[in-house]
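The structure appears right after this line, and notes come after that.
Every number here is computed from the coordinates shown, using simple stated rules; none is lab data. Being a predicted model, the structure only gives us computed values, none of them experimental. Note that each Cβ is placed from the backbone with ideal geometry, even for glycine, and that neighbours are counted across all protein chains shown.
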Amino acid sequence: MRLVTYNFRAGGKRGEQNQWSKILTNFAPDIVFAQETRDPKLEVPQYQINPDRFIWHPVNHRWGSALFIRDGEMRPLDLPGYEGWVVGAEINDLAWPRALRVFSVHGPSRKGSNYIKEMHLILNEIAKLPADADLLIGGDFNIAASFRHDGEEMKTGKANEAVLARLSNEFGLKSCWQTANPDQPLAQTLRWGTNKTTPYHCDGIFAPVAWSHLLESCQIISEGWEVLSDHNPVVATFNLYTPGGRQV
């Protein structure tokens, strides 16, 4: 199973630089968590063949968050007050023993609020759902998507750490990138500001801790993507099958 999260930046590129086509071709993903994308039906040839593989909601009538799945049936899950910022779905696939709930999250910027508060409010809504399915959350959270090590120049901050701790303690989720790269300083997912080398790490994928032994890799891809957005794709790959082909 391959998961990709990516912020297209203000709708994304058009024509030959279409990021949707590049993501689907380069990564062959099973699930895509997209943010700041235009309506996929305007950009993606695959949409015309399988429109039920996409869910998209706009924030400002131009771009918003989206989900793509390769297989299974997808039932939309709405979070009140976060239309366009958060797109959710429940996926049912006969090849998977449990239902899977997935959320593409773009941490909203709202007057009188902040990213930390908004992330807690989003998690409050997700927590209202019954605990009868596996959960995946991917996106651009606009906060650090993993814990920073003590020796790193940038610090996570206690408020940010509280969100990460809640994802772990309440939802049983852990950053795929940190699981796959436990001893590494956080790699850059966002090039922002005048110093394009500052390692902002606000994009990520959170998967069940119980899946940790199935995670083969989690990579942040920069080469070839720098001119397409100020964000890099995060790609997590799980091996859900035994060497004999039996599903875990």
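For a test of the definition: using alpha carbon positions, the gyration tensor, and the 1.5 limit on a/c, classify region 99-161 as rounded, prolate or oblate.
Note, shape of region 99-161 comes out oblate.
Might you list the cysteines of the chain that have no disulfide-compatible partner by the rule of another cysteine's Cβ under 4.7 Å?
By the Cβ distance rule, which asks for a partner under 4.7 Å, the isolated cysteines are CYS202.
From the phi angles alone, apply the Karplus equation (6.51, -1.76, 1.60; θ = phi - 60°) to region 144-160 and give each ³J(HN,Hα) in whole Hz, x where the residue is Gly or Pro.
Those phi angles translate into 4, 8, 7, 6, 8, 6, 4, x, 7, 5, 7, 10, 6, x, 5, 5, 5 Hz.
Picking from GLU152, GLU73, GLU90, which is most flexible by a Gaussian network model of the chain using Cα springs under 10 Å?
Largest GNM mean-square fluctuation: GLU152.
Given the Cα atoms of region 127-248, and with Rh set as the inverse mean 1/r over their pairs in the Kirkwood sense, what is Rg to Rh to two decimals? Before the final figure, lay out the partial values.
On the way: Rg = 15.4 Å, Rh = 15.6 Å.
Answer for region 127-248: 0.99.
Once you list every other residue whose beta carbon is under 9 Å from the beta carbon of HIS231, what net charge do they have if Lys and Arg are +1 and Asp and Glu are -1? Don't jump to the answer; show the numbers that get you there.
Numbers: positive: ARG9, ARG191; negative: GLU36, ASP140, ASP203, ASP230.
It works out to a net charge of -2.
Does region 11-100 classify as rounded, prolate or oblate by the C-alpha gyration tensor (a ≥ b ≥ c root eigenvalues; a/c under 1.5 gives rounded; else a/b over b/c gives prolate, otherwise oblate)?
Numbers: a/c = 2.18, a/b = 1.18, b/c = 1.86.
Oblate shape, in that a/c is at least 1.5 and b/c is the bigger or equal ratio.
At each listed q (0.17 Å⁻¹), what is the log10 of I(q)/I(0) that the Debye formula gives for region 39-179 modelled as equal alpha-carbon point scatterers?
-1.02
Could you let me know the centre-to-centre spacing of region 18-60 and region 100-125, using Cα atoms, in angstrom?
Region 18-60 and region 100-125 have Cα centres spaced 22 Å from each other.
Just for the chain, what percent of DSSP beta bridges are antiparallel, to the closest 5?
75
Report the Cα centroid-to-centroid distance between region 209-240 and region 160-204 in angstrom, as an integer.
Between the Cα centres of region 209-240 and region 160-204 lies a distance of 12 Å.
What does the convex hull of the Cα atoms of region 181-240 come to per residue, in Å³, rounded to a whole number? Working shown, then result.
Working: hull volume 5.6 nm³, N = 60.
So the per-residue hull volume is 94 Å³.
Would you mind putting 177-185, 31-39 in packing order, based on average other-beta-carbon counts within 10 Å, highest first?
Ranking, from highest mean packing down: 31-39, 177-185.
Would you work out the relative contact order for the chain, in percent, from Cα pairs under 8 angstrom that are 6 or more residues apart?
19
Grab the alpha carbons of region 2-238, take their convex hull, and tell me the volume per residue in Å³.
Roughly 129 Å³ of hull volume per residue.
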